[in-house]
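K.L.:
Structure below; questions to follow.
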Amino acid sequence: MPEDILMDIKRDYVLSRIRAGERIDGRNFDEFRKVEVKTGIIEKAEGSALVKLGNTQVVVGVKMQVGEPFPDTPNMGIIITNAELVPLASPTFEPGPPDENSIELARVVDRGIRESEAVDLEKLCIEEGEKVWIVFIDIHALDDDGNLMDASSIAAISALMNTTVPAERFGVGEDFKLPIRDFPISVTSLVVDDRILVDPCRDEMSVGKNLMTITSDEEGNVVAMQKSGSYLMAEEKFYELLDLSVAKAKEIRENVREQLKGGENGEDEES
Amino acid sequence: MPEDILMDIKRDYVLSRIRAGERIDGRNFDEFRKVEVKTGIIEKAEGSALVKLGNTQVVVGVKMQVGEPFPDTPNMGIIITNAELVPLASPTFEPGPPDENSIELARVVDRGIRESEAVDLEKLCIEEGEKVWIVFIDIHALDDDGNLMDASSIAAISALMNTTVPAERFGVGEDFKLPIRDFPISVTSLVVDDRILVDPCRDEMSVGKNLMTITSDEEGNVVAMQKSGSYLMAEEKFYELLDLSVAKAKEIRENVREQLKGGENGEDEES
Amino acid sequence: MPEDILMDIKRDYVLSRIRAGERIDGRNFDEFRKVEVKTGIIEKAEGSALVKLGNTQVVVGVKMQVGEPFPDTPNMGIIITNAELVPLASPTFEPGPPDENSIELARVVDRGIRESEAVDLEKLCIEEGEKVWIVFIDIHALDDDGNLMDASSIAAISALMNTTVPAERFGVGEDFKLPIRDFPISVTSLVVDDRILVDPCRDEMSVGKNLMTITSDEEGNVVAMQKSGSYLMAEEKFYELLDLSVAKAKEIRENVREQLKGGENGEDEES
Amino acid sequence: MEKPKLIVDGKRLDGRGFEELRPIKIEVGVLKRADGSCYLEMGKNKIIAAVYGPREVHPRHLQDPSKAVIRYRYNMAPFSVEERKKPGPDRRSVEISKVSREALEPVIMKELFPRSGIDVFVEVLQADAGTRTACLNAASVALIDAGVMMKGIVTAVAVAKVDGQIVLDPMKEEDFYGEADMPVAFLIRNDQIESIALLQMDGRMTVEEVKKGIELAKKGAMEIYRMQREAVMKKYVKEEE
Amino acid sequence: MEKPKLIVDGKRLDGRGFEELRPIKIEVGVLKRADGSCYLEMGKNKIIAAVYGPREVHPRHLQDPSKAVIRYRYNMAPFSVEERKKPGPDRRSVEISKVSREALEPVIMKELFPRSGIDVFVEVLQADAGTRTACLNAASVALIDAGVMMKGIVTAVAVAKVDGQIVLDPMKEEDFYGEADMPVAFLIRNDQIESIALLQMDGRMTVEEVKKGIELAKKGAMEIYRMQREAVMKKYVKEEE
Amino acid sequence: MEKPKLIVDGKRLDGRGFEELRPIKIEVGVLKRADGSCYLEMGKNKIIAAVYGPREVHPRHLQDPSKAVIRYRYNMAPFSVEERKKPGPDRRSVEISKVSREALEPVIMKELFPRSGIDVFVEVLQADAGTRTACLNAASVALIDAGVMMKGIVTAVAVAKVDGQIVLDPMKEEDFYGEADMPVAFLIRNDQIESIALLQMDGRMTVEEVKKGIELAKKGAMEIYRMQREAVMKKYVKEEE
C-alpha cells in the first residue's frame, strides 16, 4: 500500500512538472542524459563495452564461436543477441528465464544492428555452407534507471566495434577486427500527453510506459522502430518523433564516436 | 460457485435424460454426431485435414523431414505424433507444455496408426541406417465440444492419406504419395451407469469422464484400447463396448472414405 | 501446527540427550549406524550397489556409454554424477527437477570420486580425442533417514567397483572390469553446540542441519570437504572434525571392503 | 538463393498493384466453446482467433481490482510453415504477443470489468507474411463477437519497401527479399482512423518513405475495416433471420 | 534385429507355459519414512512403491473440500533400462501415471479424507516388460500397508499375443517382438474379481483374442492377488510375534 | 595440454609469493537502484554485487513469520569466461549460491526483519578462479552498504596446493593444474577471526596441509577484511564531505 501511494505521488509530481514544461531532472525534453562509454572492459570477451546513461548501466560482451551457417544464407556469419535482465539491476526484475521485456529488448537491439547491416556478415564466412562465425551479443543490465533500450543499443554497437575475431584460437587464420560498416543508434522517447520526453529516466516512467524506439543508421535512414507500451499514439506525434529521433541519433552517434576514438579507454588501446 | 451450480444442474439433467433412455441431443446411444472431413486445407503442410465432429473441430497437419532412423529399426521411417490442446479450443485449456491429457491424446492416436501399420514405414527408408523420413503428425485442437479423441484419430489418418512425401524439396528423388495400407478408426464411448454413449459431447461428459477408446483396423481387428477416467468398468460392459466399437468403426470408416473420395474436397484434387 | 509442535518436542528431546552426553539411539558420538552393502543388484546396469545406513537406503547404478571426450582432456573418460531425491524417499522431497540439495549431494559425491582419482580415466579412452567411455553414476535415494551423503558415497564407490565396462555391446573390444585405484569414503557429521555427531540420523537433524562432510582417500589424504548448512563453525571444532573424519573413514572403508569381498553378495559373484 | 526481381512491369509477383491488398475472407463465430471467434484468411494466411471472457482470473493474486487483465497469445501451429515449427512459444511469438496485447489494451474498456480476465488466443494455421497483422484483425472481430466493449476497432496491415517501391500488404517473397517491412495497427472509430495502436519496422527506409508507408497503411486499413464490419454484420443479420 | 521364434515346442523362451506367471516376490513395509511401502519383483522387474498420506496438501488451492486428492508418480531410475534413461518424466511415464492413478482413484475411499492428499510414488529400479502392472501391484500393497481404506485390492497383469498365442505376463522379448500387449488391472474383493480398473492395449488382436486375453488376465490376477494378500499377512503376523 | 611448472624459483607464475594476494579493488555503492552494492576486482575477477531489502516477500507463503528470508544468487555473465556460458543457472552456480547463502545466513541478524526478504545478487562479469570467494567479499560489502545489520563481516579467500606448496589466492592456472583448491570464508568481528562460515575443498591434501591452508587463509582474509573496511569507510567519508 505505501508503495502504491509513493508511486501515485511520484506520478503526480512528474506530470505536474511536465505540464509546467519541465522535466524533473531539469533536462530539456529532447535532451539525453550524459552518455559514457568504456570499451574493452572484459578482457576475456572478444569485445565489450560498459555504457552509462545517467545512472542506467549496461555491459555488453561479445563472444564468438565457429558454427554452421543457416541453410538459406550459407556464406554469411550469424548474429545471436540475448539480454539478461538480472535481478541485480532492478527491484522489479526476477530471476528466471527471459520474460517478454528482456526478449523485446534483445530483439529491438538486434534489429538495429541486423537491419543497418552494421556487421559485414559475408566477411564472417569461413567455409561456405560449412563454417561461419557466430557472433554472440550478450546484453547484461547492471542498473536500470530507465531507458535500458538505448543504453543497450549503444553498448552493443560499441562492443562490436571493440571486437577482435579470435581466428587464431580457433585455428582458422589470423585474428582480425570485426568488420563494422554502419553505426546504428536507437532513440527511445516517452510519450506523455502531448509531450515527447527523449531518453526517459525511471522516475519519469512512473507516468506510464508509453515508449517509442526509432533506430537510424549513419545516413539517417530508419532501420528499426518499436512502439512499446499499452497506449495509442496520434499520427502527427509519430511524425514528430520520427524527425526528432533521427536528429538525436546523429548527435548521440557523434558523441559516442568521439568517446570510442578518445584516449579515455586505456584498456582499449592494447587491442 | 454459480459455475458449480450450473454444472450440477447440467449433470442432473443429462442423467435424468439418460435414465429416461434418451441423450440430450436426441441421438441414439450408439450414434455418432455428424462427421465432416476436409483435406488439403493447409497447403504448406505435406498433408492436412480438418475434422468436425458435431461442434468439435480438430486440424491435423503432417510435416515430413529427413533424419536418422532409430538404431533398432534402421530401415524404417519414424512417426512422431504430437497434440496441442491450445487454450483457444476450450475454456479449461491453459497455455503451457503438454499436460497429461494432451499426452494421452497424442499417444492413443499414435498407437492406432502405429499398431495398424497404416503407414508403410519400410517405404520411408531413404538409406538404410542413415536416412529415413520422419513423419510429424501434429494434432491441433480448435474447438473441444467433446470427444477430441475420435476427431483427432479421423483427422490424423485423413491427413496421412492426403500426404505427399516432399522428396524433391529434400533432394532425394521424386515426390510420392505417402504409402497408406490400413484405415484405423477409434471409437470413444462414455460409460454411464449401465449405459454406453458413443461419441459423447461435452455436456454429456459433465456426468463424469468415464471413457473407453477402442481402435480397430480395416479387418475389424482391435489395434489399440485405452480406458481413460477414474472409474471401474464391469467386464460384461467391456465386451459390449468391444463389439459395439468395432461395428461403429466400420460405419465411420465408410463414411470418411466416401468423403475423402468425394468431390467436396476441391483443394484436395490437385494433390 | 501440530507438526511444528512435534518438531519442537523432538528437537528439545534430542538436545537434552546430547547435553546429557548421549545420542537418542544410544550410539557413541563417533559411531556410524550399521552399514550394509549389496552389489550387483541391478543386472541391467553395468554396476550397482544398495547401501543401507541404519534405515537410510540408497541405490546407485552405473551405466556406460561411448561419447566424445572434453576438448581439454582428449585421452580421458568422463564421469557424470547425478542424484535424484525422488519423493518416495522422504515426505519432504517433491517431484521436479533437481533442487539445490540433490545438486549438492551429487557434486560432493562426485568430488570424492573425481579428486581421489578412484577411476582410472585414462584407461577409459577408446580413441584419443574421438571416443571415450562416459561413466554415468546415478544416485537414487530410497529412504532418507539422515545422512544420504555418506550412504550415497559408499554406494557410488561400491557400484563402481562392481562395474564391468560393456565394451562388447558397443563393439569396441572385450569387456573389462572398471579400473578402480582408490577407495574414497566420506564422513558426515552434525555439529551441535560443542558436540560432533558422526553419521546423524534424521531425528538428530531436527536440531539443525549443521553438517560437515570430509572425504578422504585410502592413504588418509583429504580429497573433498563441504560445509553444508547455515551455521558458523569454530576453527578448533573443524580441526577436531578433520582428524575424526579421516579416522572414521578408515574404519568404514575396511568394513565396506570386507562386505564387498564377502560371500554375502551372491549375485555379485557371477560378474 | 538469389533475390528475384519483385516488381516486373509495374506489377508485383502475384499480379497485384502497389496499393492492393491480398484477398481477404472473414468469418465470425466459427467456434462453439469460445465466447467470440473469427476465422480470417489474408492471402495464404489462415488465422483463427478466440476470445474468452470477461471471466474469473486464477490464481487470485493475478487479478487487478481496478480493471480487466488482458492476455494475448499468438501461436503458430507446427505445420503452419515450410519447416515444421517446434510447438510452444519462441522469442518471436513472445514479442508479437506483447506488442499485439499492447495494441488492444488501450482500446478495450477494461475498467468495466474489474478483477476479471479477457483472453485473446490466436492460432496461425498457415503463415504467409503479415501474420501478426492478420491475427490482430481476427482478434478484433472475435472481441466484437464476444461482446467486449471497445473504443473502436483495431485494424492492422503491413507495408513494405520492395525494389524501391512502397507497397501494401507484402506477401512472403516481398517480406523475405524486400528492403523493409512495417506492420501498423490503427484504432478506427466511426469510419475514422484515430490513432496508431501498433507500430514496428525493420529494414531500411528514409523518413519520407516511412511517412508514405503510414499513409498507404491507412488506406489499406480502411479497406480491411470495412470487411471486418461487414463480416460482423453478416453474422448478426443471419442470427436475426 | 530379426524377430526370433518366441514359442518353441509349446514353451516360451524362458521355459514358461502360456498361462504361467514369472516368479514374483513381494515384501511389505521396506521403507521407514513412507507411511506404507512395498518391494516387488516380477521376473526381472524390480519395483519399489511408497505411500504418503493422508496428509496435508500444499498449496491450499489444490485441496478438494470433499475428498482426498490422489497423486500417482511412476518413475524409472536412469539405470533401470539398457540405454541409460534421462532422469525426469517423459511422455510415456506421464501417461502411465495417469491411467494408474485412474485405476486406484475409484478404489480408494477418498471421501473419508477431505482436503487431504494421498501420494503413491513408484520407482522402477529395473525394467523388464510389464512395469506398469508390476508397479500397480506394488502400489496396492503399499496402500494397504499405509492403512488407506480401499474397496478392495487392485491387481494387475499383462497378457500378450505372441506367435499367434495368447500368453500371460509377457517378458521383454515377447513384449518387443510380440503381436500385441494388453495390460489389465482388476478390482478384487473377497477373492472375487469385481471389475476392470485399468485397460490398455496396443498391437493387433481379434475381438475373440481380446476376450480370451481378459479371461487369462483374470486367472493371472487371482494368483497375484493371493501373493499380495500373503505378503501383507506375513508382515502383520511378524509384527504380532 | 600438459601441466606447466607453476612455481619457478620460489615464485608463482604471476610473480607472486606463496602468501600473496592478487591486487584487489573495491568500490562501494556503485548502483543506484539497489539498496546496497559493491564492485570488486580480485586479479582478473570482476564482480558486482547488489543487495535488495529488507523488503516484502511475494508470494506470501514464502514469508517466514519469525525472520527474514535470505536469497543469494551467484550468476556468471555469458561473456565472463573463455567459452561463452549459456545464460541461466547451472548445477555449479546452484551449489555456489547454496553454500554462499549458508555462509551469510548465520551472520545476518535475520530475526530483526520478520516476514521480509533480503536478496543478495552477485554477477560475475569476468571470471579468473576464486569467483565464489570474491563474490562473497563483494556481497558482504554490499550488505553493509545496504545497512543490513550483521554480526560482523564475512571475508573469503581460497588457498591451494600447487606444485606441493600451499599458496594463497590461486589464479586460473593454479586452480586448473594445481593439486587442491580450498575456498574458505570467515566471520570477522572487531578485527578478530571468529569462525568459519564457508568451507569447501577439492583435490588432495594431507590433514596437515589442510590445517596449514586454513592458517594461510586466515592471514589472507585479514588483509581483505581491512580493504573491505577501508572501501566502506571511503564511501561514507565521501558522503559526509
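What follows draws every value from the coordinates through simple rules; no lab data is involved. None of the values given here were measured: they were computed from a predicted structure. Note: ideal-geometry Cβ built from the backbone for every residue, glycine included; neighbour counts use all protein chains shown.
K.L.:
At q = 0.24 Å⁻¹, what log₁₀ I(q)/I(0) does a Debye calculation on the Cα points of the range D:1-104 give, no solvent, two decimals?
P.N.:
Debye curve over Cα of the range D:1-104, log10 I(q)/I(0) at q = 0.24 Å⁻¹: -1.35.
K.L.:
Any chance you could list the semi-axes, whole Å, largest first, of the equivalent ellipsoid that the Cα gyration tensor gives for the range F:14-240, using √(5λ)?
P.N.:
Equivalent ellipsoid of the range F:14-240: 28, 19, 18 Å, largest first.
K.L.:
Further question on the same structure: Any lysines with Cα under 23 Å of the C:K63 Cα? List them, leaving off those in the same chain fewer than 8 positions away.
P.N.:
Leaving aside lysines fewer than 8 places away in the same chain, those within reach of C:K63 are C:K38, C:K44, C:K52, C:K123, C:K131, C:K177, C:K261, E:K44, E:K46, E:K85, E:K86, E:K172.
K.L.:
Run through the other copies and list how far each one's label point is from that of E:F18, in nm with one decimal, shortest first; the point sits 7 Å from Cα along Cα-Cβ.
P.N.:
Distances between equivalent label points, in nm: 8.2, 8.2.
K.L.:
Which helices pass in chain C if a helix is a full DSSP H run, must span at least 24 angstrom along its long axis by Cα, and must have mean Kyte-Doolittle hydropathy not below -0.5?
P.N.:
C:2-19
K.L.:
Please build a GNM for chain B, connecting alpha carbons under 10 Å apart, and tell me which residue among B:F70, B:F29, B:F183 fluctuates the most.
P.N.:
Highest fluctuation among the options: B:F70.
K.L.:
Taking the radius of gyration and the Kirkwood hydrodynamic radius from Cα positions alone, what is the Rg/Rh ratio for the protein assembly as shown, to two decimal places?
P.N.:
Details: Rg = 34.5 Å, Rh = 35.9 Å.
Result for the protein assembly as shown is an Rg/Rh of 0.96.
K.L.:
Same structure again: When chain B is turned about an axis onto chain C, which of its residues keeps its C-beta closest to that axis, and how many Å is it?
P.N.:
Looking at chain B's Cβ atoms against the axis toward C, the nearest is B:P97, 8.
K.L.:
Something else about it: Given points 7 Å out from each Cα along the Cα-Cβ axis, report the C:R19 to C:D175 separation in nanometres with one decimal.
P.N.:
About 5.9 nm, to one decimal.
K.L.:
When the dipole is taken about the Cα centre of the protein assembly as shown, and only Lys, Arg (+1) and Asp, Glu (-1) are charged at their Cβ, what size is it in debye, to the nearest 20?
P.N.:
For the protein assembly as shown, the charge dipole is close to 3200 debye.
K.L.:
A follow-up question, please. What's the angle, to the nearest 10 degrees (0 to 90), between helix F:131-145's Cα axis and the longest principal axis of chain F?
P.N.:
Taking Cα atoms only, the helix is inclined about 30 degrees.
K.L.:
Need one value for C:231-239: mean number of C-beta atoms belonging to other chains within 10 Å of its residues' C-beta atoms.
P.N.:
6
K.L.:
Please compute, for peptide B:141-152, the average count of beta-carbon atoms on other protein chains lying within 10 Å of each residue's beta-carbon.
P.N.:
Average neighbour count from other chains, rounded to a whole number: 2.
K.L.:
With r defined as the distance between the Cβ atoms of A:D203 and F:R55 and R0 fixed at 22 Å, what FRET efficiency is calculated, to the nearest 0.05?
P.N.:
FRET efficiency, A:D203 to F:R55: 0.70.
K.L.:
Out of the trypsin sites (Lys or Arg not before Pro) in the range B:139-186, which ones are loop residues according to DSSP with at most 16 other C-beta atoms within 10 Å?
P.N.:
Sites meeting the loop and neighbour criteria: B:R169, B:R181.
K.L.:
Could you list which residues have their amide H under 5 Å from that of F:K67, counting only those 5 or more apart in sequence or on another chain, with H placed in the peptide plane?
P.N.:
F:R115
K.L.:
Now, a different point. Going through the range E:1-59, which chymotrypsin sites (Phe, Trp or Tyr not before Pro) have at most 14 other Cβ atoms within 10 Å and a DSSP loop state?
P.N.:
Here no loop site has a sparse enough neighbourhood.
K.L.:
Same structure, new question: Quick one, what does Rg over Rh come out to for chain A if you take C-alpha atoms and the Kirkwood Rh? Show your work: numbers first, answer last.
P.N.:
On the way: Rg = 19.3 Å, Rh = 19.4 Å.
Here Rg/Rh amounts to 1.00.
K.L.:
Measuring nothing but label to label, 7 Å from Cα along Cα→Cβ, what are B:E174's distances to the other copies in nm, shortest first?
P.N.:
The answer, with the shortest distance listed first, is 5.5, 5.6 nm.
K.L.:
Across the residues of F:8-14, average count of Cβ atoms on other protein chains within 10 Å? Spell out each step's value before the answer.
P.N.:
Details: counts 0, 0, 0, 0, 0, 0, 0.
Neighbouring Cβ atoms belonging to other protein chains average 0 per residue here.
K.L.:
With just the Cα atoms of the range E:34-93, tell me how far they stretch along each of the three principal axes, in Å, largest first.
P.N.:
44, 24, 15
K.L.:
GNM, chain F, Cα, under 10 Å: largest mean-square fluctuation among F:L198, F:L62, F:L104?
P.N.:
Per the Cα network of chain F with a 10 Å cutoff, F:L62 tops the list.
K.L.:
Once you put a point 7 Å from the Cα of A:N75 and another 7 Å from the Cα of C:K131, both along the Cβ direction, what distance in nm separates them?
P.N.:
3.9 nm
K.L.:
Another question about this same structure. Quick one: divide the alpha-carbon radius of gyration of the range A:164-212 by 2.2 N^0.38 Å and tell me what you get.
P.N.:
Here the Cα radius of gyration is 2.12 times the empirical estimate.
K.L.:
Can you bin every Cα-Cα distance in the range E:181-233 into 5 Å intervals starting at zero and give me the percent of pairs per bin, rounded to whole numbers?
P.N.:
The calculated distribution, bin by bin, is 5, 18, 28, 22, 14, 8, 4, 1, 0.
K.L.:
Taking just the alpha-carbon atoms of the range B:181-271, what radius of gyration and Dmax come out, in angstrom?
P.N.:
Rg then Dmax for the range B:181-271, in Å: 15.4, 50.
K.L.:
Quick check: residue separation of A:R195 and A:E251 times 0.36 nm, minus the Cα distance between them. What number comes out in nm?
P.N.:
Length difference between fully extended and current span is 18.1 nm.
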